[in-house]
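Have a look at the structure below before the remarks.
The values are calculated or read from the model by the stated rules, or taken from the named source; none is laboratory data. Every value quoted in this text rests on a predicted model; they were computed, and no experiment measured them. When we count neighbours, we look across all protein chains shown, and the Cβ atoms used for this are built from the backbone with ideal geometry, even at glycine.
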Amino acid sequence: MTGKLAILGGGKIGEALLSGLLRGGTLRVDDIVVVEKHEPRAAELREKYGVATVDVAKAAAHADTILIAVKPQDIGALLAELDAGRAWFAARASSTA
């Protein structure tokens, strides 16, 4: 994998993916941002892995790839936040065509 990655959700699954990508050398810490809505958990991820934790808008602006790792009951709110960035998705899609 190359490029920038945003992991939306810093829970157990998000952390497992983050850990594996870093441990395997797939991506560097500078290539990954994490969105985590609970500040104590975000602080834990920053301290443990050295990743930046950002809001959804900044993650979308950073990323070439977005990985969604949230619980099913949280996906609606997350998609609503991403919906505000629909122009971003359209711009990204047209730039890769």
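Can you tell me which residue is nearest to Val29 (Cα to Cα) among those in region 51-76 that are in a strand (DSSP E or B) and hydrophobic (A, V, I, L, M, F, W, C)?
The extreme case among them is Ala52.
Residues that are charged (D, E, K, R), surrounded by 15 or more Cβ atoms within 10 Å (Cβ to Cβ) and at pLDDT 95 or above: does region 48-59 have at least one? Don't jump to the end; show me each part of the working.
If we filter region 48-59 for residues that are charged (D, E, K, R), which is where we start, we get 48, 55, 58.
Narrowing the set further to residues that are surrounded by 15 or more Cβ atoms within 10 Å (Cβ to Cβ) leaves none.
Among the residues of region 48-59, not one is charged (D, E, K, R), surrounded by 15 or more Cβ atoms within 10 Å (Cβ to Cβ) and at pLDDT 95 or above, which makes the answer no.
Evaluate region 1-10: report whether one residue or more is in a helix (DSSP H, G or I) and surrounded by fewer than 20 Cβ atoms within 10 Å (Cβ to Cβ). Show your work before the answer.
To start, the set of residues in region 1-10 that are in a helix (DSSP H, G or I) comprises none.
No - not one qualifying residue is present in region 1-10.
Hey, can you tell me all the residues within region 27-44 that are surrounded by 14 or more Cβ atoms within 10 Å (Cβ to Cβ) and farther than 11 Å from Gly9 by Cα?
Scanning region 27-44 gives Leu27, Asp31, Ile32, Glu44.
Could you tell me how many of the residues in region 31-50 are farther than 15 Å from Ile66 by Cα and outside any loop (DSSP other than H, G, I, E, B)?
11
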